[in-house]
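S.K.: Shown below is the structure under consideration.
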Amino acid sequence: MFDTGEIEETSSNTEVAWLLQTAGQIAKIRRDLTDTTRADVITALEVVKSASAATQAVATADLHTSRRAERAAKGLPKRQWDIGVASEIGLARRDSANKGGRHLGFARVLVDEMPNTLARLACGDLSEWRATVIVRDTFGLSREDRALVDRELCSDPATLRGKSDSQVSATARAAVVRIDAEALVRRASKAVGDRRVTSRPAPDTMAYLSALLPVKQAVCVHATLMRDSAAILGAGDERTKSQIMADLLVERVTGLSTATAVPVTVNVVLSDEALLGTGSEPAEVEGYGPVPTDLVIRWLHDDDAKNELRRLYANPETGALTAMESKSRGFPTGILRMTKFRDKICRTPWCGAPIRHGDHVRSVANGGDTTFDNSAGLCEACNYAKEADGWTTTPDKNQSGELHSYRITTPTGHHFRSTAPALPKPLPHHNIDIVDSWSVEDKLVQIIWAA
Ligand SMILES: [Zn+2]
């Protein structure tokens, strides 16, 4: 076992030691080479990457098979055999549980259904991405039909030689249509099930709101915004067409008469210095990340918006969130909100997904308490994996003022430490009596102080 987040352990396994030694040698390859050799080195490294991807896929599928067999032997019900395996793969690859699931799916298909594609990957004829494209584009085919495409495309290395990513994709899709046109129809109806709305941060304190919709609906929404914004523009509005479309979208979704009247609950953590107008540390907006303090102050002065600002208390030395007042809220709600502020995103290393659950680090079944120290914000997948057979999480003995941390142990016995991020630091000697609640014009600004 080796490197696991902050916890270092050295593997005594020969294969792993050899791989790490080889990686070390690759990283130190000589630079005084001829240009011909340099080009050969670049090509050879592509082969190394492809071979690594193939071996990673095989090891992934084998780990999955072994985990299932172990759980079956224990007499666990079938629905529990796969739980947490995607998270194990994710952690081992220093990726999220979500990506771990995709790596696992890719590995399963290559190893079980597409041996020729796997072989082309292993010898460097295909890159990991091109192999992924073939797996992706044959989704929905039966095992037998997939094997047909696999043979057609990859049994002879000449078939895909010199083909670009998009040509590989086109060749795979053409084979799918020939073998099973119905598969494409099945994929289309599966795709409709994936419709969703998401948001992610954009530069300059903007954010993207994306909707994945069936094409008819997406075209209809866009055409409606185009048509109505054109009418508004025609009536002499000074905004650009794009601005009007964006405003219309917000107004219609929120049901408000103007886009700027959106009530902002600015769940923000900022330092005393920033609040007093002297500090340069950014404020931290829940669900977005750091924003300039000046912008938060401007939101508070927006005439149309009803704002609410909550302040949390962080330790002046370390930035650890130490407490938060929960006012009249119920105890668990207060803890959950504070946990979300402290953790910001899912606490599993490399995950990065939004928090969906407040979780007991030590489970209630094992005597864990419903306290702030025993809480962690997790995404749905990580929360699910944590409960799987063979997983344990152990709270660290955190001292007051230290960043909250705990230890995750996977069924393979690998350890990972999860440490909460630091928050903006307040003034070291703040006066608790300064304000309790503060009114800017008629906006309610709740400054919540906690001892
Ligand atoms: Zn997660």
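The values are calculated or read from the model by the stated rules, or taken from the named source; none is laboratory data. Owing to the predicted nature of the structure, the values given are computational and were not obtained by experimental measurement. Heads up, the Cβs are rebuilt from the backbone with ideal geometry, glycines too, and the neighbour counts pull from every protein chain shown. Please note that ligands, DNA and RNA were not included when accessible areas were found on the heavy atoms of the full protein model with its side chains. Shrake-Rupley method; radii C 1.70, N 1.55, O 1.52, S 1.80 Å.
S.K.: Leaving ligands, DNA and RNA out of it, rank Y406, Y384, Y208 by accessible area with a 1.4 Å probe, largest first.
M.R.: Y384, Y208, Y406
S.K.: Just read off the accessible area of D35 with the full protein assembly in place, 1.4 Å probe, to the nearest 10 Å².
M.R.: 110 Å²
S.K.: I would also like to ask the following. What distance in nm separates the simple spin-label points at D165 and L256, each placed 7 Å from Cα in the Cβ direction?
M.R.: 3.9 nm
S.K.: Need one value: the accessible area of L33 in square angstrom, 1.4 angstrom probe, rounded to the nearest 10.
M.R.: Its heavy atoms expose roughly 50 Å² to the probe.
S.K.: While we're on this one: With every protein chain left in place, what is the accessible area of E380 in Å² (1.4 Å probe, nearest 10)?
M.R.: 120 Å²
S.K.: Then there's this: Give me the one-decimal nm value for the distance between modelled label points at T371 and T55, 7 Å along each residue's Cα-to-Cβ direction.
M.R.: 4.7 nm
S.K.: Pairs K190/K241; K78/K386; K99/K163: which are spaced more than 24 Å apart, C-alpha to C-alpha?
M.R.: Pairs exceeding the cut-off: K190/K241; K99/K163.
S.K.: Okay, moving on. Report the local net charge at G352: Lys and Arg +1, Asp and Glu -1, summed over other residues whose C-beta lies under 14 Å from its C-beta.
M.R.: Net charge around G352: +4.
S.K.: Take the Cα atoms of the range 83-225, build their convex hull, and give its volume per residue in Å³.
M.R.: 172 Å³
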